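Report on one structure; see the data block that follows.
None of the figures in this text is laboratory data; all of them are computed from the coordinates on show. What you are looking at is a predicted structure, and each value in this text was computed from that prediction instead of being measured. FYI the Cβ positions are ideal-geometry reconstructions off the backbone, even for glycines, and counts take in every protein chain you see.
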Amino acid sequence: MNEAITSPVRREFPMCFTATPRGARLARRLVSLRLDEWGHPYGSDLNQDLTLIAAELAANAVRHGLVAGRDFLLRLVETGDGVFRVEVSDTRTERRPVPEHAERPAAGDEESGRGLYLVARLADRWGVDGRSGAPGKTVWAEIRARAGTGAPPGRGSRVRAAR
């Protein structure tokens, strides 16, 4: 499956992070900062949703994609047609996300298993691809901003009320 971006890239922020909880935390913070710099303030739905998606994908790369001595790559893209895409690539080829896990949250007493569920609920589309020219995988998610507001369409209020 090749889910490459087909429209022109307007802005892009790629960065490698150590595959540690600290690296995942820094990735989340820098996504939020970059979105704010791009005109999508910290408190906006778009900033909060993309930051949460980036945090979940980065945490999964640290937890499930860790290869000793290897970093993970986070890439945030805004296209010319208002699509925002977060990609997190790691070097582990196995342990790919299972789409069925995104269909339902983990049981209430489980300590993990809610990340992909949140990503699937916040994103318009998400998926996993192999990395071209490198070992590993890329997990990605996209949100299309509403025209003129920078806010994601029809999301946020349902999920935020459940927090």
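Here are a few things to note about the model shown:
- Farthest toward positive dipole pole in the stretch 7-88 [+1 Lys/Arg, -1 Asp/Glu at C-beta], among Thr51, Val88, Val62: Val62
- Residues Arg121 and Thr20, FRET efficiency given R0 of 45 Å [Cβ-Cβ distance, rounded to 0.05]: 0.95
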